[in-house]
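Below is one structure; the comments refer to it alone.
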């Protein structure tokens, strides 16, 4: 593809720094959106939540530690621990403390599978963030190219309006000289008014596209904004792709990879549900002591003498839980199947979309070539008609028809060209090629 890169800016008299807050180039617009788009900022909070859940799942398999302490003051009946007699109406004090730990040695690998599920869920959210960024980039690209098209159509209308004004002056001279009837001048005046109306409408379309771009970037509207782009002199034919290529493009898209990670998470949740129904083996230990004012000895002496270390092993074997465990397993399997079907469904849809993009690019390329040829022929016919009109060989209405044919062909060509360029960007998008203009 041969491209002649030149800087094209409508309104070059406006300095670049004076066009407001909207970044000028397509790449800069996309880069700005990646940092300031509210959807991306909102989704990044979801990423942080999933990361926190993943961290919590990893820490949940570690032993738990706890420090316990209590102090009691009793007035009334109490027991003298040394004499083993009941004491009435005397203030007694007691203090106890303990340090304990508990560790689930085995629970059917429930904790390990929950970690894997949380990790897959976190990865899916990260990939979904990439998907969102790509979609926003594509939306900005589409809007930016629509803005370029509206700029070119408005510029073409302005040029045509200036041409009619020039022709109007020439015809006025011819009418005054008597070589053209007065109706020719009236006809051009009508055309001039019509083209002015058309030019204003296209300029309004251009402003609406600027507003649309500003909304995507979460910026204020700036009516003086002008695009900066490369002028493409010759567009190459669209790339081709086999069915295998298209499937490969689809399988490596972030939205498909995200769904696959979500499906992987559901698989681990099945294993976790099965593990939750298995016996639990736990190891526990504690270290405790206490002091009582009703017992003999100082605080330090009692605490030293009453030390009580302990170690225990517990086993919990679930026998019947109202089939709650079986229900969790069945529901987990159903969620996995739903996720698997969603992956296949989305992959099929995405493959069809990519295939459609290649087919559409071929159609638009042929339509663009035909429109360009038609525009070239219409322009030649318009120039010939203008010459005949000046010499009085055809009427003003015949010349108007030839100019209208040219304007229609020119608009058709511009639309086909920029639609084709956008289709190429879509193909690049699905092939993982960064969007540039």
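What residue, among those in segment 390-403 that are touching a helix residue (DSSP H, G or I) at 6+ places or on another chain (Cβ under 9 Å) and without any contact (Cβ under 8 Å) to a residue 60 or more places away in the chain, is surrounded by the fewest Cβ atoms within 10 Å (Cβ to Cβ)?
Applying the first criterion (touching a helix residue (DSSP H, G or I) at 6+ places or on another chain (Cβ under 9 Å)) to segment 390-403 yields 390, 392-403.
From what is left, the residues that are without any contact (Cβ under 8 Å) to a residue 60 or more places away in the chain are 393-394, 398-399, 401-402.
Working: 393: 10, 394: 17, 398: 12, 399: 24, 401: 15, 402: 20.
Looking at the filtered set, the residue picked out is 393.
Between a residue in segment 50-74 that is farther than 20 Å from residue 284 by Cα and any residue that is surrounded by fewer than 15 Cβ atoms within 10 Å (Cβ to Cβ), which pairs come within a Cβ distance under 8 Å, given they are 6 or more apart or on different chains?
Between residues of segment 50-74 that are farther than 20 Å from residue 284 by Cα and residues that are surrounded by fewer than 15 Cβ atoms within 10 Å (Cβ to Cβ), the close pairs are 71/93; 72/93; 73/91; 73/93; 74/91; 74/93.
If residue 67 satisfies all but one of (1) out of contact with any strand residue (DSSP E or B) (no Cβ under 7 Å at 6 or more places or on another chain); (2) loosely packed, with under 11 Cβ neighbours inside 10 Å; (3) at pLDDT 85 or above, what's the number of the condition it fails?
All conditions are met except number (1).
Residues that are within 47 Å of the chain's Cα centre (by Cα) and over 28 Å from residue 27 (Cβ atoms): does segment 412-430 have at least one? Working first, answer last.
Keep residues of segment 412-430 that are within 47 Å of the chain's Cα centre (by Cα), which gives 412-430.
With the extra rule that they be over 28 Å from residue 27 (Cβ atoms), the set shrinks to 412.
Looking through segment 412-430, at least one residue is within 47 Å of the chain's Cα centre (by Cα) and over 28 Å from residue 27 (Cβ atoms).
Given the residues 206, 139, which is the only one that is under 38 Å from the mean Cα position of the chain (by Cα), modelled with pLDDT of 80 or more, in a helix (DSSP H, G or I) and crowded, with 21+ Cβ neighbours inside 10 Å?
Values: 139 fails: crowded, with 21+ Cβ neighbours inside 10 Å.
Being under 38 Å from the mean Cα position of the chain (by Cα), modelled with pLDDT of 80 or more, in a helix (DSSP H, G or I) and crowded, with 21+ Cβ neighbours inside 10 Å holds for just one of 206, 139, which is 206.
More than 30 Å from residue 301 (Cα to Cα) and touching a helix residue (DSSP H, G or I) at 6+ places or on another chain (Cβ under 9 Å) - does that describe any residue in segment 92-105? Break it down stepwise before answering.
Residues of segment 92-105 more than 30 Å from residue 301 (Cα to Cα): 103-105.
Okay, now just the ones that are also touching a helix residue (DSSP H, G or I) at 6+ places or on another chain (Cβ under 9 Å), so 104.
Yes, some residue in segment 92-105 is more than 30 Å from residue 301 (Cα to Cα) and touching a helix residue (DSSP H, G or I) at 6+ places or on another chain (Cβ under 9 Å).
Determine which single condition residue 291 fails, assuming it passes every other condition in (1) surrounded by fewer than 19 Cβ atoms within 10 Å (Cβ to Cβ); (2) in a strand (DSSP E or B); (3) touching a strand residue (DSSP E or B) at 6+ places or on another chain (Cβ under 6 Å).
With (1) surrounded by fewer than 19 Cβ atoms within 10 Å (Cβ to Cβ); (2) in a strand (DSSP E or B); (3) touching a strand residue (DSSP E or B) at 6+ places or on another chain (Cβ under 6 Å) applied to residue 291, the lone miss is (1).
Condition check: in a helix (DSSP H, G or I), within 44 Å of the chain's Cα centre (by Cα) and either modelled with pLDDT of 85 or more or at negative phi (or both). Does residue 386 satisfy that? First the steps, then the outcome.
On the way: in a helix (DSSP H, G or I): yes; within 44 Å of the chain's Cα centre (by Cα): no; either modelled with pLDDT of 85 or more or at negative phi (or both): yes.
So residue 386 fails the test.
With respect to the numbered conditions (1) assigned to a helix (DSSP H, G or I); (2) surrounded by fewer than 15 Cβ atoms within 10 Å (Cβ to Cβ), which one is the sole condition not fulfilled by residue 434?
(1)
Name the residue, out of 272, 357, that is surrounded by 12 or more Cβ atoms within 10 Å (Cβ to Cβ), within 30 Å of residue 246 (Cα to Cα), in contact (Cβ under 8 Å) with a residue 40 or more places away in the chain and within 37 Å of the chain's Cα centre (by Cα). Outline the logic, then answer.
Values: 272 fails: within 30 Å of residue 246 (Cα to Cα).
None of the other options fit; the residue is 357.
Got a sec? Which of 158, 146, 195, 167 is part of a helix (DSSP H, G or I), in contact (Cβ under 8 Å) with a residue 60 or more places away in the chain and closer than 20 Å to residue 414 by Cα?
Only one candidate qualifies: 146.
If you check 379, 335, which single one turns out to be over 30 Å from residue 276 (Cβ atoms) and either touching a helix residue (DSSP H, G or I) at 6+ places or on another chain (Cβ under 9 Å) or at pLDDT 90 or above (or both)?
Working: 335 fails: over 30 Å from residue 276 (Cβ atoms).
Result of the check over 379, 335: 379.
The values are calculated or read from the model by the stated rules, or taken from the named source; none is laboratory data. Predicted model, so just to flag it, every value in this text is computed and none were measured. When we count neighbours, we look across all protein chains shown, and the Cβ atoms used for this are built from the backbone with ideal geometry, even at glycine.
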